[in-house]
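Contents: one structure, followed by commentary.
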Amino acid sequence: MGIDFREIAQFLHRAETEKRAVERITARYPELTVEDAYRIQEELAAIKQAQGHRVIARKMGLTSKAKMKQMNVEEPIHGLLFDYMVIEDGGVLVYDELIHPRVEAEIAFVLGEDLEGPAVTGAQVLKATQYVLPAIEFVDSRYENFRFTLADVVADNTSSSRFVLGSKLTSPEGLDLDLIGVTLHINGEIKGLGAGAAVLGHPANSVAMLANMLARKGERLRAGEVVLTGGITEAIVVEPGDVVTAKLDQLGDVSVVVK
Ligand code: 0L1
Ligand code: MG
């Protein structure tokens, strides 16, 4: 008998709603492929949508060379961000709603035009982009100790949990997004830093890759979509009481309080 993708999606959904870390699914199903994992991610999305949640953004993950090397993978991954995951700039992350959150600083894109793969380039992305803005992402793997294979993390909707978008919208025209400096502060102390180039050489390449990956299943990115392009800093553990701020050169700041 084949693997029951729906049952695995329900298992991961329960782990998220019950805030309980679980054993990675590939311990049970070592034969699970990344393709299977995207099918599980789709089932998980269907469960959330059936409960009334809406997809409001997409994300790319594992977009830095360091993270790809660490995971021994050659390709980043993509996931979906839902309405219940958004926190307003300056708002509150309720720690008890999550399992063991970690924070990343990112650049988000808002598209002004559709993008359809399979051969979208970073230059085309920049032409199609209306705005870029600073973003914070909290990843919260549903797996014990953040230990997983590529298939596990894809099935787990790429550890998506909460995200914050900055309030300043900037046209990408004339900006070198690869050279944008980023610092991630916790309680006023710099805990991570980097530049836009940490994301596949240029964050626009991340959006291009997403459009090209979606083309494999006959999907495209649409005008108005928001895409978080991937962590520029490493993911840092947060605790209740932390004030988290990401500062992005020319793009502005975005912050959130952990309670
Ligand atoms: O957003 C990301 O780059 C993370 C993807 C999943 C890996 C993790 O949970 O750290
Ligand atoms: Mg991320």
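What strands (runs of 3 or more DSSP E) lie completely within segment 141-259 and have 2 or more residues being free of Cβ contacts under 8 Å to residues at least 24 places away in the same chain? If you could, list the steps in order and put the result at the bottom.
Numbers: elements: 160-165, 181-186, 189-195, 226-228, 243-248, 252-258.
Counting at least 2 such residues, we get 189-195.
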Note to self: more than 14 Å from the chain's Cα centre (by Cα) and more than 15 Å from ligand 1 (Cβ to nearest atom): which single residue out of Glu144, Glu75, Glu88 fits that description?
What the structure shows: Glu88
Next item on the list: Would you be able to tell me the number of residues in segment 93-130 that are in a helix (DSSP H, G or I) and charged (D, E, K, R)?
Entry: 3
Item checked: Positions within segment 67-89 being among the hydrophobic types (A, V, I, L, M, F, W, C) and either in contact with a strand residue (DSSP E or B) (Cβ under 7 Å, 6 or more places away or on another chain) or loosely packed, with under 14 Cβ neighbours inside 10 Å (or both), in sequence order -> Ile77, Leu80, Leu81, Phe82, Met85, Val86, Ile87
Notebook entry, point to check: Scanning for something free of Cβ contacts under 8 Å to residues at least 60 places away in the same chain, surrounded by fewer than 18 Cβ atoms within 10 Å (Cβ to Cβ) and closer than 21 Å to Phe146 by Cβ, does segment 30-46 turn up at least one residue?
Noted result: yes
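Can you tell which of Ala198, Ala215, Ala208 is within 16 Å of ligand 1 (Cβ to nearest atom) and out of contact with any strand residue (DSSP E or B) (no Cβ under 6 Å at 6 or more places or on another chain)?
Details: Ala215 fails: within 16 Å of ligand 1 (Cβ to nearest atom); Ala208 fails: within 16 Å of ligand 1 (Cβ to nearest atom).
Sole residue among the options that is within 16 Å of ligand 1 (Cβ to nearest atom) and out of contact with any strand residue (DSSP E or B) (no Cβ under 6 Å at 6 or more places or on another chain): Ala198.
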Next item on the list: Residues being within 13 Å of Glu106 (Cβ to Cβ), modelled with pLDDT of 95 or more and more than 10 Å from ligand 2 (Cβ to nearest atom): count how many of those fall in segment 221-235.
Entry: 2
Notebook entry, point to check: What are the residues in segment 23-69 that are of a type in the set (A, V, I, L, M), away from ligand 2 (no atom under 16 Å from the Cβ) and over 15 Å from the mean Cα position of the chain (by Cα), if any?
Noted result: Ile25, Ala27, Leu32, Val34, Ala37, Ile40, Leu44, Ala46, Ile47, Ala50
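The values are calculated or read from the model by the stated rules, or taken from the named source; none is laboratory data. Given the structure is predicted, the values throughout are model-derived calculations rather than measurements. Methodologically, a virtual Cβ is constructed for each residue, glycine included, from the backbone with ideal geometry; neighbour enumeration extends over all protein chains shown.
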